[in-house]
1. I'm checking my understanding of the structure. Among residues of the range 83-105 that are without any contact (Cβ under 8 Å) to a residue 60 or more places away in the chain, not hydroxyl-bearing (Ser, Thr, Tyr) and not in a helix (DSSP H, G or I), which one is nearest to Ile59 (Cα to Cα)?
2. Before we move on, is Ala136 out of contact with any His (no Cβ under 6 Å at 6 or more places or on another chain), closer than 19 Å to Asp71 by Cβ, surrounded by fewer than 20 Cβ atoms within 10 Å (Cβ to Cβ) and small (Gly, Ala, Ser)?
3. What's the number of the condition Asn112 fails, among (1) in contact with an Asp or Glu (Cβ under 8 Å, 6 or more places away or on another chain); (2) under 22 Å from Ala190 (Cβ atoms); (3) surrounded by 15 or more Cβ atoms within 10 Å (Cβ to Cβ); (4) not β-branched (Val, Ile, Thr)?
4. Can you go through Leu187, Leu165 and tell me which one is crowded, with 18+ Cβ neighbours inside 10 Å, in contact with a Leu (Cβ under 6 Å, 6 or more places away or on another chain) and either among the aliphatic types (A, V, I, L, M) or free of Cβ contacts under 8 Å to residues at least 40 places away in the same chain (or both)?
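No lab work stands behind these numbers, since they all come straight from the coordinates. Being a predicted model, the structure only gives us computed values, none of them experimental. Heads up, the Cβs are rebuilt from the backbone with ideal geometry, glycines too, and the neighbour counts pull from every protein chain shown.
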Amino acid sequence: MAEASPGPSSRPRRWLALVPVAVFLVLAAVFYRGLAGDPADVPSVLINKPAPQFALDPIDGLDLPGLATADLAKGAVTLVNVWASWCVPCRDEHPLLMELSRREDLKVVGINYKDDPENARRFLTTLGIPFAAVGADPNGRASVDWGVYGVPESFLVDGKGTIRLKWIGPLSREALKTQIIPKIEELRRAGGS
């Protein structure tokens, strides 16, 4: 008995077997592209937009004012740092915030994210206070409005209250040198805006 030759109906089945492989390769390329980059390069829809409206009370027992949107539109370039005492990378970046706070062309302020006031006070009194003002955000609502993924995150705001740069994760010496300080100087040359 002669063996039947494969008919036209068996050809589409071969192509169907390749579909999962093709889908896998496309997904792998997408994931690789997304994971291979610098996490600080995540785009923000808030860049070149006004800072969100917020008004945060000061941290209880700390002799610093709270923080509100109006504090950001006073002609000075401002670094807004979102931090928490329970955040290990926040502790790592703290010496750089102290350094930045000594710059005459920059105002450094903070948003304390979902933190216990006593722990936040202890964190700052132990490591130093880089902030001209710091607002307590106990429920995280203001941080969500800023588009915060997690702490720490920092934003450069020009003198008109417009967000010009977002940095996700702890600041590093390299980040200061290549991105943060050049942007501060660019904004200062533009008159804070």
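1. Among them, the one singled out is Trp86.
2. Numbers: out of contact with any His (no Cβ under 6 Å at 6 or more places or on another chain): yes; closer than 19 Å to Asp71 by Cβ: yes; surrounded by fewer than 20 Cβ atoms within 10 Å (Cβ to Cβ): no; small (Gly, Ala, Ser): yes.
When the stated conditions are applied, Ala136 does not pass them.
3. (2)
4. Working: Leu187 fails: in contact with a Leu (Cβ under 6 Å, 6 or more places away or on another chain).
Just one listed residue meets the conditions, Leu165.
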